[in-house]
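See below for the structure under consideration.
The values are calculated or read from the model by the stated rules, or taken from the named source; none is laboratory data. Not measured: the values here are computed from a predicted model. In this analysis, Cβ positions are derived from the backbone assuming ideal geometry, glycine residues included, and neighbour counts consider all displayed protein chains. Just the protein is used for accessible areas: all its heavy atoms, side chains included, with ligands, DNA and RNA removed. Shrake-Rupley method; radii C 1.70, N 1.55, O 1.52, S 1.80 Å.
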Amino acid sequence: MQAMQDKTIKELAKDCRSVEDVHEMLKNLFKDTLQQIFETEIEEHLGYKKHSIEGNNTGNSRNGYNKKTIQTKFGKTEIEIPRDRNGEFEPRIIGK
């Protein structure tokens, strides 16, 4: 596991030339991680993966995203919270 983490860090760090670059990279990594968590949460909520035919005629489906700006240790970050047609999806990690 440590070797994989080292490889990831090296890949991410190769484009960093300053401390500001490192902060921006960490901000983007944080945002991308949140987005993946949201996608996983809505998949669990709806019971099927994005673009899966299993979702046809289930009575509820994805319905775009709501944008939200959050304040993090890395500054303000705009995230996109997925929504469902019935308005029942409530993300666990960050509320609407």
Quiz prompt | Accessible-area ranking of 15, 84, 32, 21, largest first, probe 1.4 Å | solution = 15, 32, 21, 84
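Cβ under 14 Å from residue 71's Cβ, residue 71 left aside: what net charge do those residues give with Lys, Arg +1 and Asp, Glu -1?
Combined, the nearby Lys, Arg, Asp and Glu give +4.
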Quiz prompt | Degrees between helix 2-13 axis and first principal axis of the chain (Cα, 0 to 90, nearest 10) | solution = 80
Quiz item: At a probe size of 1.4 Å, how large is the accessible area of residue 23, to the nearest 10 Å²?
Solution: 100
Quiz prompt | Rounded to the nearest 20 debye, dipole of the chain from Cβ charges on Lys, Arg, Asp, Glu | solution = 220
Practice problem: Sum up the charges of everything whose Cβ sits under 12 Å from the Cβ of residue 55, counting Lys and Arg as +1 and Asp and Glu as -1, but leave residue 55 out. | Solution: +1
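Within the chain, what whole-number % of the accessible surface is contributed by carbon and sulfur, with the 1.4 Å probe and all protein chains included in the calculation?
Details: 3630 of 7150 Å².
On the chain, the fraction of accessible area on carbon and sulfur atoms equals 51 percent.
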Quiz item: So for 83, 17, 62, what's the accessible-area order with a 1.4 Å probe, most first?
Solution: 17, 83, 62
Quiz prompt | residue 72 accessible area, 1.4 Å probe, all protein chains in place, Å² to nearest 10 | solution = 20
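Kindly provide the helix-only [θ] at 222 nm of the chain, computed as the sum of -39,500 (n - 2.57) over DSSP H runs of four or more divided by all residues, to the nearest 500 deg cm²/dmol?
So the calculated ellipticity at 222 nm is -14500 deg cm²/dmol.
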Quiz item: Please state the relative contact order of the chain as a whole percent: Cα pairs under 8 Å, 6+ residues apart?
Solution: 24
Practice problem: Taking 7 Å along the Cα-to-C-beta vector as the label spot, tell me the residue 85-residue 29 distance in nanometres, rounded to one decimal. | Solution: 3.9
